[in-house]
Every structure is written in C-alpha cells, then in structure tokens.
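Notes to accompany the following structure.
The values are calculated or read from the model by the stated rules, or taken from the named source; none is laboratory data. These numbers were taken from a predicted model, which means no experiment stands behind them. So basically every Cβ, Gly included, is an ideal-geometry build from the backbone, and we count neighbours across all protein chains shown.
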Amino acid sequence: MGSKDVRVREQQLAKAESRLAARKSLLEGRGLDAAGQAKDPTLRKLEADLRKAKKRVEAPVAAAAHVEKVAAKIAKEGKKKPAGKGKGKGKGGKQAKGGGGKGGKGGKKK
C-alpha cells in the first residue's frame, strides 16, 4: 500500500507545508494580520492537514518505540515470575454479566 510507505508520507508532509506557506503568503498579500489569518477556514484546514501529515510521519517511530517498551516489560516480567500454576480456566466462579439462564435480568431481547 503506497500510503504506508515512509517516502509517500514525507511527500504528503512536504505538500502540506507548501500549501500552508502558499496560503499564508496569499493572505499576507491581501493585508491580513495574524488575527485575521487565524480566522481563515482554509488556513485552519491546511494547518490541520499539516498536523495529520506530521503524525503519519512520526507514527512508525512511535510504534517501534512502543514495541520495544512492551518487549522489555515482558522480558522483565518473565524473569520475575516463577513457573507455576496460573489462574487458567476453572469450574465455578461468577457467571458473566448478562448471562444466559431463563428469566431474570440481562437475557437476549426479543
């Protein structure tokens, strides 16, 4: 999928930056100050597009960092816990909310 390629995401970011710069220069040419530019809906949309593009570019790096963090946590927990009986599936215990059974609360609606 092309949109998941890093180069494509960087191109999207560059395109968003250039569109934003072009719109700002157009508004400055019309004599709008910063307060006036902040009210321009097209400029606000282009700024939002730029934020989204930046998140797309940063997403793979953040995902990789998260995976490393989780792997380290799992490795750390694996060293601490001795091998033994876990909870597992057992008989008895409380029935899940909205359980079957006739009558009572939580059954299927007809």
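Out of everything in the range 49-72 that is surrounded by 12 or more Cβ atoms within 10 Å (Cβ to Cβ) and of a type outside the set (Lys, Arg), what residue ends up being nearest to Arg7 (Cα to Cα)?
Within the range 49-72, the match that is nearest to Arg7 (Cα to Cα) is Val57.
Among (1) at pLDDT 90 or above; (2) not in a helix (DSSP H, G or I), which single condition is Lys97 missing?
With respect to (1) at pLDDT 90 or above; (2) not in a helix (DSSP H, G or I), Lys97 is out only on (1).
Looking at Gln37, is it closer than 28 Å to Val61 by Cβ and free of Cβ contacts under 8 Å to residues at least 24 places away in the same chain? If you could, list the steps in order and put the result at the bottom.
Values: closer than 28 Å to Val61 by Cβ: no; free of Cβ contacts under 8 Å to residues at least 24 places away in the same chain: yes.
No; evaluated as a whole, the condition is false for this residue.
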